[in-house]
Amino acid sequence: MDRLFDFMKEVRRITLPYGYGRERLKAIDAEEMDQVKIAESSGRTRFSEQFLVELNRLNDIKVFADMLRNADEFTGETMHNEPDFDLEIRYKGDDVERYQLWLGRRGTLSVLMNVAHTHLVYRVPADVTDRLILTLGVDD
């Protein structure tokens, strides 16, 4: 019986970082994120590695975990303007994901795209946009 519980705990540990039913967007707890690096975007076709800010504290990166967790895929839309920010998110276990963020104004949606899956675009809720604006120190 103990072996069965150990097996179940191990399966949960392995699958916990991945959001249920999301193949393309990792909905992960903030505790699994190690670092978020932020750069001003240099355009949709390029990912800037000239990071202006590196966040390591749990309170600072929690909003980015909420951003991923609450993002909803929306189809049929393409972004015609350039992204505002390039984000590199590092997880425990050395996983890295890169996103481009079109930051909305206060009270509006933002748009997010994983650079590895440019055909998928996600909407970020207005309340998370407001928290991102505060965290990024962007004047509205």
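Data table
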| read-out | value |
| --- | --- |
| Accessible surface of segment 42-140 [probe 1.4 Å, protein heavy atoms]: carbon and sulfur percent | 44 |
| Long-range amide H partners of Asp84 with built H, under 5 Å | Leu101, Trp102, Leu103 |
| Rounded to whole Å, sorted largest first: equivalent-ellipsoid semi-axes of segment 58-132, Cα gyration tensor | 19, 16, 10 |
| Karplus-derived 3J(HN,Hα), 6.51/-1.76/1.60, for each residue of segment 97-113, Hz, glycine and proline x | 10, 10, 10, 10, 10, 9, 7, x, 8, 3, x, 10, 6, 10, 10, 10, 9 |
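The values are calculated or read from the model by the stated rules, or taken from the named source; none is laboratory data. Just so you know, these numbers come straight off a predicted model, no measurement behind them. Quick note on the areas: whole protein, heavy atoms, side chains included, nothing else; ligands and nucleic acids left out. Shrake-Rupley method; radii C 1.70, N 1.55, O 1.52, S 1.80 Å.
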